[in-house]
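Here the structure is laid out as structure tokens; the discussion comes afterwards.
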Amino acid sequence: MSAAVRRITVAAAMVAGLAVATMAAHAADDTIKIGHYASKTGPEATFGQSSDKGVKMAIDEANNAGGVLGKKLELITYDTQGKSAEASNAVTRLINNDHVVALLGEVASSLSLAGGEIAQANGIPMITHASTNPKVTQGRDMVFRVCFIDPFQGYAVAKFATDNLKAKKIAILYDQGQAYSVGLRKDFSKAVKQLGGTITTEQSYTGGDQDFSAQLTTIREGQPDAIFIPGYYTDVGNIALQVRKLGITVPLLGTDGWDSAKLKEIAGDALKDCYYSNHYTPEDPRPELQAFIKKFKELHNGETPDAMAVLAYDGANVLLDAMKRANTTEPKALAKAIGETKGFKGVTGTITLDENRNAKKPAVILQMKDGEWRYAASIAPPADEK
Ligand code: PHE
């Protein structure tokens, strides 16, 4: 073989190699990749597991209906283990290695703050279905949410405690390591004072702590009518058991971070006549919600979806709806369409995003009664301050 012929053969092989690579890239382009990051393991594992079920349901339904923009959707999910650093890693991988067009997640506000920073820096839109701390979307035009925010949630629990429980003196025990809990401490205490009540003491813990006796002894000395604990379910369960061991009998009040079937498993009777605010109740008779619950139960051995599963389903569907309206997955156009979401009929309720990329929805208060979390009240979202 002459040198010239050899050169041509090598060149041809290179062209062929290139063609194979291009074809592979094309095959990948035939799907729309969506990234999801969630705590599938760790102390908040049910948050991620439930999110996963909700997101998958929405994606599967869309794929079974033929996909979106003529393509099938491909969902890529990474576990955050409930840790901020892992949330950052997951989002970095989803953007840089998997080239997702959008992100769904996280649940815990601290983790959405970490992941959102990276989404924003890379210009990839992100929708959190459940993070309620206001800072998650603040100053980040790529970050959106489909749930209410904590100034409202803190107010809702304060309003219920004051009006319905006639609680005048309330103690607070919050998780100093979670943006969610730190924010709610402030929101709740502000609302209680506005409603004419007092806060007897504000004590803190760190997620994973096992001994709360020092804080609870101080709380007991203040003789509160109720104790507000804006934490996540594993810690709240442990705290509730110790509260009762110390002979404190007043109701415990909480927020959406309590929403896990695990809470009842950990704390059982210690939760009797305790209350928490949430995004949804399975007792709500709206037909679209009941249809969703029925389908979810069929797919998951009769399991009733928790708030996280329902919100995750809505979050994913808001993204798909925006994709259709934008008629592209180009990040800026997609972000614009997400921001323009108006009157979207979700299973958690009607979703309209405001200029701060947040949703405004009512909260429900649930009460532990005869071993079940039962609907106790609805608190309407605050009127527009404009
Ligand atoms: N709102 C919580 C947070 O921001 C997360 C959460 C939402 C937990 C709904 C349970 C149910 O951290």
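The values are calculated or read from the model by the stated rules, or taken from the named source; none is laboratory data. Just so you know, these numbers come straight off a predicted model, no measurement behind them. As a convention, Cβ positions derive from the backbone with ideal geometry for all residues, glycine included, and neighbour counts pool all protein chains shown. Side chains are part of the model used for accessible areas, which takes the heavy atoms of the whole protein and leaves out ligands, DNA and RNA. Shrake-Rupley method; radii C 1.70, N 1.55, O 1.52, S 1.80 Å.
Look at the alpha carbon pairs under 8 Å that are at least 6 residues apart: their mean separation over the length of the chain gives a relative contact order of 16 percent. Please build a GNM for the chain, connecting alpha carbons under 10 Å apart, and tell me which residue among Asp225, Asp30, Asp60 fluctuates the most. Top of the fluctuation ranking is Asp30.
Karplus-based coupling profile of segment 316-330, in residue order and whole Hz: 5, 5, 5, 4, 5, 4, 5, 4, 5, 5, 6, 6, 6, 10, 4, with θ = phi - 60° in 6.51 cos²θ - 1.76 cosθ + 1.60 and x standing for Gly or Pro. The GNM of the chain, with springs linking C-alpha atoms under 10 angstrom apart, assigns the highest mean-square fluctuation among Val68, Val107, Val364 to Val68.
The equivalent ellipsoid that matches the C-alpha gyration tensor of segment 149-239 spans semi-axes of 20, 16, 10 angstrom, in descending order. With K and R counted +1 and D and E -1, the other residues having a Cβ less than 14 Å from that of Thr77 yield a net charge of -2. Amide H to amide H distances under 5 Å link Lys72 with Ile32, where only residues 5 or more positions off or on other chains count and H is placed in the peptide plane. Look at the alpha carbon pairs under 8 Å that are at least 6 residues apart: their mean separation over the length of segment 171-328 gives a relative contact order of 17 percent.
Put simply, the amide H of Phe228, placed in the peptide plane, has neighbours under 5 Å in Ala171, Ile172, Leu173, Leu253, leaving out anything fewer than 5 places away on its chain. Computed from phi, the 3J(HN,Hα) profile of segment 184-196 under the Karplus parametrisation 6.51, -1.76, 1.60 (θ = phi - 60°) reads 5, 3, 5, 4, 5, 5, 4, 5, 4, 4, 4, 8, x Hz, with x in place of Gly and Pro. Distance from the Cα centroid of segment 103-126 to that of segment 220-268 is 30 Å (rounded to whole angstrom). Percent of Cα-Cα pairs more than 20 Å apart in segment 40-195, please. Tail fraction, whole percent: 55. Relative contact order, whole percent, for segment 78-215 stands at 18, derived from Cα pairs under 8 Å and 6 or more residues apart. The simple spin-label model puts a point 7 Å past each Cα toward its Cβ; for Ala377 and Lys169 those points are separated by 2.1 nm.
Each of Thr352, Thr234 has its accessible area taken with a 1.4 Å probe; listed largest first, they run Thr352, Thr234. The lysines whose alpha-carbon is closer than 17 Å to the alpha-carbon of Lys71, local same-chain residues fewer than 8 away aside, are Lys33, Lys56, Lys324. Amide H to amide H distances under 5 Å link Tyr205 with Tyr174, Asp175, Gln176, where only residues 5 or more positions off or on other chains count and H is placed in the peptide plane. With kT/(6 pi eta Rh) evaluated at 25 °C and eta = 0.890 mPa s, and Rh the Kirkwood radius from Cα pairs, segment 238-324 diffuses with a coefficient of 162 µm²/s according to Stokes-Einstein. Restricting segment 166-228 to trypsin sites (Lys or Arg not before Pro) that sit in a DSSP loop and have at most 12 other Cβ atoms within 10 Å of their own Cβ leaves Lys166. Scaled against 2.2 N^0.38 Å for its residue count N, the alpha carbon radius of gyration of the chain is 1.11. Its DSSP H runs of at least 4 residues, each contributing -39,500 (n - 2.57), put the calculated 222 nm mean residue ellipticity of the chain at -15000 deg cm²/dmol, to the nearest 500. Across segment 29-40, rounded Karplus estimates of 3J(HN,Hα) from the backbone phi angles (6.51 cos²θ - 1.76 cosθ + 1.60, θ = phi - 60°) give 5, 6, 10, 9, 8, 10, x, 9, 10, 7, 7, 7 Hz, Gly and Pro being marked x.
Would you please state the base-10 log of I(q)/I(0) at q = 0.09, 0.11, 0.16, 0.19 1/Å for segment 273-386, with intensities from the Debye formula using one equal scatterer on every alpha carbon? Listed by q, the Debye log ratios stand at -0.30, -0.44, -0.85, -1.07. Angle of helix 109-122 to the longest C-alpha principal axis of the chain, folded into 0 to 90 degrees and rounded to 10: 30°.
Spin-label pair Leu241-Lys294: with each label point 7 Å from Cα along the Cα-Cβ axis, the two points sit 4.0 nm from one another.
Of all the options Thr128, Thr348, Thr92, the one that moves most in a Gaussian network model of the chain with Cα springs shorter than 10 angstrom is Thr92.
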